[in-house]
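The values are calculated or read from the model by the stated rules, or taken from the named source; none is laboratory data. Not measured: the values here are computed from a predicted model. No Cβ is skipped: glycine too gets one built from the backbone with ideal geometry, and neighbour counts run over all protein chains shown.
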Amino acid sequence: MKTKINNLSVFTSGNTNSKPIIFVHGFPFDHGMWDAQIEELSEDYYCITYDIRGLGESPAGDGQFTMESFVDDLETIIDELKLNLPVLCGLSMGGYISLRAMEKMEERFRALILCDTKALADDNAGKIKRAEGIKSINENGVENFVEQFVLNCFSENFMIKNNPEYEEVLIRSKNNSPIGVKGCLLAMAGRTDTTALLPNISIPTLVLCGEEDKLTPPRIMKSMADQINNSEFHVIARAGHMAPLEAADIVNEKMRSFLAEYSKP
Ligand code: MLT
């Protein structure tokens with residue numbers, strides 16, 4: 001089911017009486033990146049996902065986003081849907097939002113799943129790269145920027161010519177509004193570093209990383225998982241930064257067994 005909350009497009013599947021899981025997508029993607037997980041889990045869980053403001057079907061408005069405003073949006077959705085202790089699952093930028101949400105309101109969540117993300121903020125080189133991205137969108141358009149950006153998001157194997165899943169995600173991402181994409185780049189450049197939070201996370205946490213993730217590689221994610229007390233870490237073979245989409249079966253299996261332990265249907 002699709003609904004609008006505070007002008008955001010929110011998608012729900014499964015029985016509202018089941019235990020909730022809320023999925024937060026990465027950049028520059030949309031809620032559709034979680035299709036395989038929702039298909040697998042919605043029989044037993046109430047699955048919620050949404051398009052982050054400025055991406056997918058959620059309008060960009062003036063494009064003045066911050067990581068804080070993204071966390072406020074997440075909280076509004078949880079409040080409006082009256083979700084009781086959802087499991088929070090975020091990938092990459094969705095992970096930045098999830099980690100900051102943990103810092104602000106861990107008590108509102110049952111468990112945490114972090115996919116292909118990191119706690120570190122952008123360093124100077126990273127901030128300059130974001131600025132170059134904005135310049136490139138202004139000069140050459142959002143489609144061109146997205147085409148270049150996503151090359152780092154998938155394993156070589158997944159990007160082979162005529163892979164319909166890759167083609168679809170590319171088309172959807174290129175359709176994003178330039179104002180929305182630039183707003184997300186600025187929000188990511190301005191986000192805080194959440195490394196100090198990691199030892200304070202007390203809810204069970206599953207950390208998943210694609211073996212071939214170039215943006216948040218396994219060594220960075222392992223070190224992050226090592227700092228979270230109640231965590232388990234898995235490398236997903238033959239997947240890049242978009243492991244839940246590239247290796248859905250393995251990711252689903254890891255999520256299932258984690259959920260069976262910490263959020264039984
Ligand atoms: C993402 O997948 O959300 C982005 O790669 C995150 C980033 O650019 O830092």
Report task. Have a look at Glu246, Glu232 and point out the one that is away from the ligand (no atom under 13 Å from the Cβ) and either more than 13 Å from Thr117 (Cβ to Cβ) or modelled with pLDDT of 95 or more (or both). Result -> Glu232
Requested in this report: Being among the charged types (D, E, K, R), closer than 23 Å to Ser173 by Cβ and either within 16 Å of the ligand (Cβ to nearest atom) or touching a Ser or Thr at 6+ places or on another chain (Cβ under 7 Å) (or both) is the filter here, so list the residues in region 10-40 that pass it.
Outcome: Asp30
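Of Asp79, Asp116, which residue is within 30 Å of Leu259 (Cα to Cα), charged (D, E, K, R) and in contact with a His (Cβ under 8 Å, 6 or more places away or on another chain)?
Selected residue: Asp116, the only one of Asp79, Asp116 that is within 30 Å of Leu259 (Cα to Cα), charged (D, E, K, R) and in contact with a His (Cβ under 8 Å, 6 or more places away or on another chain).
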**Report entry** Among the residues listed as Ser136, Ser155, Ser177, the single one being within 25 Å of Glu246 (Cβ to Cβ) and polar (S, T, N, Q)
**Finding:** Ser155
Query raised in the report: Within region 62-115, can you find the residues that are hydroxyl-bearing (Ser, Thr, Tyr) and over 19 Å from Pro244 (Cβ atoms)?
Result: Thr66, Ser69, Thr76
Query raised in the report: Are there any helices (runs of 4 or more DSSP H) wholly within region 87-164 with 1 or more residues that are more than 30 Å from Asp44 (Cβ to Cβ) and either of a type in the set (Ser, Thr, Tyr) or within 14 Å of the ligand (Cβ to nearest atom) (or both), and if so which?
Result: 124-140, 142-150
Query raised in the report: Is it fair to say Ile38 is surrounded by fewer than 24 Cβ atoms within 10 Å (Cβ to Cβ) and β-branched (Val, Ile, Thr)?
Result: yes
Report summary line: Lys214 meets each of (1) in a loop (DSSP other than H, G, I, E, B); (2) under 30 Å from Ser18 (Cα atoms) with one exception, condition (2)
Query raised in the report: Among the candidates Glu156, Glu168, Glu107, which residue alone is over 21 Å from Leu55 (Cβ atoms), surrounded by fewer than 17 Cβ atoms within 10 Å (Cβ to Cβ) and in contact with a Gly (Cβ under 9 Å, 6 or more places away or on another chain)?
Result: Glu156
